[in-house]
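The values are calculated or read from the model by the stated rules, or taken from the named source; none is laboratory data. Since the structure is predicted, the reported quantities are computational estimates derived from the model, not experimental observations. Note that each Cβ is placed from the backbone with ideal geometry, even for glycine, and that neighbours are counted across all protein chains shown. What goes into the accessible areas is simple: the full protein's heavy atoms, side chains included, and nothing from ligands, DNA or RNA. Shrake-Rupley method; radii C 1.70, N 1.55, O 1.52, S 1.80 Å.
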Amino acid sequence: MDDPVILRVENIVKTIGGQRILDDVSFSVKKGHLKVLIGPSGAGKSTLLACINFLSPPDSGTISLDGKAVDGKSRKELLALRQQVGMIFQDFNLFDHLSALDNVRVALVKVKGLDKRAATNRAMEELARVGLADKSTLYPAQLSGGQKQRVSVARALAMDPKVLLLDEPTSALDPELIGEVLTVIRDLADLGMTMVMATHQISFSASLADEFLFMERGRIVERGAPSQLLARDSGSRTQSFCAKLSELAGDGHCEIAPAPRA
Amino acid sequence: MEGFYSAAQASWEAMPYILGGLWWTAGLILGAMLVGFVLGVPLAVLHVYGHPLTRKAVAGYVWLFRGVPILVQLYLFYFGIMAYLSEIPALSFLPLSSGFLSAVIVLGLTSAAYQSQIFRGAMASLPAGQLKAARALGMSDAVAIRSIILPQALRLAIPAWSNEYSILLKDSALAFTIGVLEVMARTRSVAATTHQPLPLSILAGALFFFLTWAGIKTLKRLEAKVRIPGYAHQGSL
Ligand SMILES: Nc1ncnc2c1ncn2[C@@H]1O[C@H](COP(=O)(O)OP(=O)(O)O)[C@@H](O)[C@H]1O
Ligand SMILES: [Mg+2]
């Protein structure tokens, strides 16, 4: 438990249109850990993730990466931060005009300054890691949702991020495509990738997460180990939210899935 | 009847001369399209992503060049600005008294106003997630716009762009008013001697029609060539 802290989020406040979307949010993530953000839609999960890499700059509070606070006013620091923080979006946001290979390669060349051959090698490696080496020449419109999301994971990983932010990575997927993306996420967790993930896949993430952060109206209202929060008699908000979700989904269970880690 | 016959003959003999105007017409259009593109793209980028003041400035530019008729601009430019500049000895190496240069500049500046709006619309129609994803990878906005936004926006803009081409083609016929020997100018001057404008006008019309057809065909081919695999045919605007 004495892994170093990679990402520290302190007292983040964000107001949009006079409305307080994030209200004094703090947490930190240690190397190799996975924090999972849970909570109803509109709770502020996406906004919180976007504050971390300043896609949506916080009004106040501090983001520190590897012990160094980021100065949001410095363009250079911002770009450097974003290089080191990978992001996976709910709707993939693959670059529509680029093949899978070029989606992964473009930032290696344009941001990291790799030459074309090195970028190609690295991109192919990452595509292979997500099981898409044979799809490298296809364009986003020729890929399924699950494949698109896996390309976007490869694109983020190619930058060697210190931490990966995932914003409901499976929410836009047809049910039969969720599994392939979850498998990739599980592999990353097993490999020790540091991650913060917003998701409604509670029983899946319970088996991987080091901590659940339950958000509501811009605040983290509950936090703890999944096993503790999801215990049937815990009386936690997390437990009742999860029970409601699984009732809606009709899958009738809300517990920690047995972790099939190899 | 004899008169008509000789006029037709004269018209026929004037054909090579009028056809020679095609080069000037084509030069005007290509030059103006190019000036319009080179200025229109950055104007569009500033209009969409620029500082609020820059946006205002671009909007003002567009408003100005859309508002003032081309004919008025040609006169102002050729008889005003260029005539004034050509008095300056230090600039004497420039072909400032060339009507062609004035016409390309005027048509190009006007086209830049229209093209900027075409590209602006195309950029605005891209999903916001494209820029977000580019920024999340650490791209500066300049790189993101160049590598991610423009390649997509310019593809989307091709149908509207071919529309702009055919408008420009028609506007280019106004260049005869400042002495450019393009198709229309030659047609008029021949008609003035034959007193039979009809066959000549038909010829001029056919030439403009041909240029329209060739240009639009070329742009259609370009559109097909750069189409993103997997995307359904977008159709024209
Ligand atoms: N750009 C925006 N403009 C106005 N309101 C926004 C904007 N982005 C987010 N919000 C509001 O912020 C709140 C939190 O949104 P979000 O972070 O997307 O929540 P979550 O991801 O948990 O569903 C919502 O009430 C949403 O309406
Ligand atoms: Mg969200």
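Can you pull out the residues in the stretch A:187-200 that are assigned to a helix (DSSP H, G or I), over 27 Å from residue A:216 (Cβ atoms) and within 12 Å of the chain's Cα centre (by Cα)?
Selection gives A:188 alone.
Please go through (1) within 16 Å of ligand 1 (Cβ to nearest atom); (2) more than 8 Å from chain B (Cβ to nearest Cβ); (3) open to solvent by 30 Å² or more (accessible area, probe 1.4 Å); (4) closer than 25 Å to residue B:126 by Cα for residue A:51 and return the number of the only condition it doesn't satisfy.
(3) is the only condition that residue A:51 fails.
With respect to the numbered conditions (1) in contact with a helix residue (DSSP H, G or I) (Cβ under 6 Å, 6 or more places away or on another chain); (2) open to solvent by less than 10 Å² (accessible area, probe 1.4 Å); (3) away from ligand 2 (no atom under 16 Å from the Cβ), which one is the sole condition not fulfilled by residue A:88?
The number of the failed condition is (3).
Identify all residues within the stretch B:68-86 that are in a loop (DSSP other than H, G, I, E, B) and exposed (fewer than 13 other Cβ atoms within 10 Å of the Cβ); write none if there are none.
Passing the criteria: only B:69.
Just the residues that are at the interface with another protein chain (Cβ under 9 Å from one of its Cβ atoms) and assigned to a helix (DSSP H, G or I), please, taken from the stretch A:127-141.
Within the stretch A:127-141, A:140, A:141 meet the criteria.
Looking for something on the phi < 0 side of the Ramachandran plot, among the polar types (S, T, N, Q) and open to solvent by less than 10 Å² (accessible area, probe 1.4 Å) - is there at least one such residue anywhere in the stretch B:144-151?
no
Could you check, for the stretch A:199-219, whether at least one of its residues is among the acidic types (Asp, Glu), within 16 Å of ligand 2 (Cβ to nearest atom) and surrounded by fewer than 17 Cβ atoms within 10 Å (Cβ to Cβ)?
Looking for residues that are among the acidic types (Asp, Glu), within 16 Å of ligand 2 (Cβ to nearest atom) and surrounded by fewer than 17 Cβ atoms within 10 Å (Cβ to Cβ), one finds at least one in the stretch A:199-219, hence yes.
In the set A:117, A:122, A:155, A:129, which member is within 30 Å of residue A:41 (Cα to Cα) and away from ligand 1 (no atom under 16 Å from the Cβ)?
That would be A:155, the only listed residue that is within 30 Å of residue A:41 (Cα to Cα) and away from ligand 1 (no atom under 16 Å from the Cβ).
Go through the residues of the stretch A:60-76 one by one and say whether even a single one is surrounded by fewer than 19 Cβ atoms within 10 Å (Cβ to Cβ), within 16 Å of ligand 2 (Cβ to nearest atom) and at pLDDT 95 or above.
No - not one qualifying residue is present in the stretch A:60-76.
Could you check, for the stretch B:130-141, whether at least one of its residues is open to solvent by 10 Å² or more (accessible area, probe 1.4 Å), farther than 24 Å from residue A:47 by Cβ, in a helix (DSSP H, G or I) and facing chain A (nearest Cβ under 9 Å)?
No - not one qualifying residue is present in the stretch B:130-141.
Within the stretch A:13-22, which residues are more than 18 Å from residue A:212 (Cα to Cα) and either buried (at least 16 other Cβ atoms within 10 Å of the Cβ) or under 20 Å from the mean Cα position of the chain (by Cα) (or both)?
A:13, A:14, A:21
Please go through the stretch A:68-91 and give me each residue that is assigned to a loop (DSSP other than H, G, I, E, B) and more than 8 Å from chain B (Cβ to nearest Cβ), ordered by number.
Hits for the stretch A:68-91 are A:70, A:71, A:72, A:73, A:74, A:90.
Being in a strand (DSSP E or B) and free of Cβ contacts under 8 Å to residues at least 24 places away in the same chain narrows it down to one of A:28, A:41, so name that one.
Going through A:28, A:41 in turn, just one is in a strand (DSSP E or B) and free of Cβ contacts under 8 Å to residues at least 24 places away in the same chain: A:28.
Residue A:7 fails exactly one of the following numbered conditions: (1) open to solvent by less than 20 Å² (accessible area, probe 1.4 Å); (2) more than 16 Å from ligand 2 (Cβ to nearest atom); (3) within 14 Å of another protein chain (Cβ to nearest Cβ); (4) not aromatic (Phe, Trp, Tyr). What is the number of that condition?
All conditions are met except number (3).
Condition check: closer than 14 Å to residue A:188 by Cβ and modelled with pLDDT of 95 or more. Does residue A:166 satisfy that?
Against the criterion (closer than 14 Å to residue A:188 by Cβ and modelled with pLDDT of 95 or more), residue A:166 qualifies.
Within the set of pairs 6 or more residues apart or between chains, which connect a residue that is crowded, with 19+ Cβ neighbours inside 10 Å inside the stretch B:32-45 to a residue that is β-branched (Val, Ile, Thr) and part of a helix (DSSP H, G or I) with Cβ atoms less than 6 Å apart?
Filtered contacts from the stretch B:32-45: B:32/B:104; B:43/B:58; B:45/B:145.
Answer yes or no as to whether residue A:63 is within 13 Å of another protein chain (Cβ to nearest Cβ) and β-branched (Val, Ile, Thr).
no
Here is a list of conditions, (1) away from chain B (no Cβ under 14 Å); (2) buried (at least 22 other Cβ atoms within 10 Å of the Cβ); (3) among the aliphatic types (A, V, I, L, M), and residue A:124 meets all of them except one; can you say which number that is?
Going through the list (1) away from chain B (no Cβ under 14 Å); (2) buried (at least 22 other Cβ atoms within 10 Å of the Cβ); (3) among the aliphatic types (A, V, I, L, M), residue A:124 breaks only (2).
More than 30 Å from residue A:137 (Cβ to Cβ), more than 16 Å from ligand 1 (Cβ to nearest atom), of a type in the set (Ser, Thr, Tyr) and touching a residue at least 12 places away in the same chain (Cβ under 8 Å): does that describe residue A:46?
no
Given (1) at pLDDT 90 or above; (2) part of a helix (DSSP H, G or I), identify the lone condition not met by residue B:188.
(1)
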